[in-house]
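Only one structure is covered here, and it is reproduced in the block below.
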């Protein structure tokens, strides 16, 4: 049973789905100013929907996954689950998530959750085989979860505050993916996927990624200026942003070898801190 659950969790990409759920919760609390049962059920529903999207991605990419050392041991290509069993997991996750959202939140939460799944599985995933720049439309996946929470709480989809937050998460997805390319670009080529390493040198990708990180930081400053209200939270985020900027600049321009994995984690911590501090700022406000 333990091994079975481990496979189910791996198919659902739980480590990715948890931050997605937190992102939706941050949007909810940002508008409502409270952490209540509806918001918690929203985050649980979004979590299951994200797991369904992750499991569907496992099923969609089972053949290419089998060609890459990083992914060949995933449940479907390794033979631990059959493709049919994988689809059953997809169905279980998405039906559970949809039911929770329908029963606990306005319909808009379900609609935007399905829009997120469509964006990731029916737009970004197929585009990876066509263009190395699939990451641009694919980054919409990062922008939608906070919008789900905001609108579920009753907020206007076009309100400036949530659009600024969504823009931050949209832009932030791009250097996230590009850093992954620096780590695994050669494996993408083994699987026949389009890779930026076919177009740019490693040095060029490093510098372009640095530019996108700067853009992410610029969008973070917009969140600090227009959305964050508590001075202590503002200072804490500023300190981390300057730490990220200093260490990344040092590693890109003054180190002989760029350490990709530490940069990847530092950038992800910025997203995590932004979600947690948005929640804290709204609750304190």
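Every read-out reported here was derived from the displayed coordinates using simple, explicitly stated rules and does not represent laboratory data. None of these values were measured; they are calculated from a predicted model. Ideal geometry is used to build each Cβ from the backbone, glycine not excepted, and the neighbour counts take in all protein chains shown.
Among 124, 31, 243, the largest mean-square fluctuation in a Gaussian network model of the chain, built with springs joining Cα atoms closer than 10 Å, belongs to 243.
Once the C-beta distance of residue 85 and residue 259 is scaled by a Förster radius of 41 Å, the resulting FRET efficiency is 0.60 to the nearest 0.05. The ellipsoid that matches the Cα gyration tensor of segment 200-285 has semi-axes, each √(5λ) in whole angstrom, of 28, 11, 10, with the longest given first. The length gained on full extension between residue 167 and residue 16, counted as 0.36 nm times the residue separation minus their Cα-Cα distance, comes to 52.4 nm. Averaging Cα coordinates gives a centre for segment 247-285 and one for segment 231-246; these two points are 10 Å apart. Rounded to the nearest 0.05, the FRET efficiency derived from the C-beta distance between residue 73 and residue 102 at R0 = 51 Å is 0.90.
Note: relative contact order over segment 50-151, using C-alpha pairs below 8 Å and six or more positions apart, is 26 percent. Across 149, 37, 138, mean-square fluctuation computed from a Gaussian network of the chain (C-alpha pairs under 10 Å connected) peaks at 37. Computed on the Cα trace of segment 159-200, the radius of gyration divided by the Kirkwood hydrodynamic radius gives Rg/Rh = 1.22.
Grouping the Cα pair distances of the chain into 10 Å bins from zero gives a pair-distance distribution of 7, 27, 33, 25, 8, 0 percent in increasing distance order.
Only Cα sites of segment 178-246 enter the Debye sum here, all with the same form factor; the resulting log10 I(q)/I(0) across q = 0.12, 0.16, 0.20, 0.26 1/Å is -0.47, -0.66, -0.80, -1.07, listed in q order. A Förster radius of 35 Å combined with the Cβ-Cβ distance from residue 222 to residue 63 puts the calculated FRET efficiency at roughly 0.25.
Pick out which of 158, 196, 67 has the largest mean-square fluctuation in a Gaussian network model of the chain, springs linking Cα atoms closer than 10 Å. The residue that fluctuates most here is 158. The overall shape of segment 8-51 is prolate: from the C-alpha gyration tensor, with semi-axes ordered a ≥ b ≥ c, the ratio a/c is 1.5 or greater and a/b exceeds b/c. For the chain, the mean residue ellipticity at 222 nm estimated from helices alone is -25000 deg cm²/dmol, where every DSSP H run of n ≥ 4 contributes -39500 (n - 2.57) and the total is divided by all residues, rounded to the nearest 500. Pairs of Cα atoms nearer than 8 Å and 6+ residues apart set the relative contact order; for the chain it is 21 percent.
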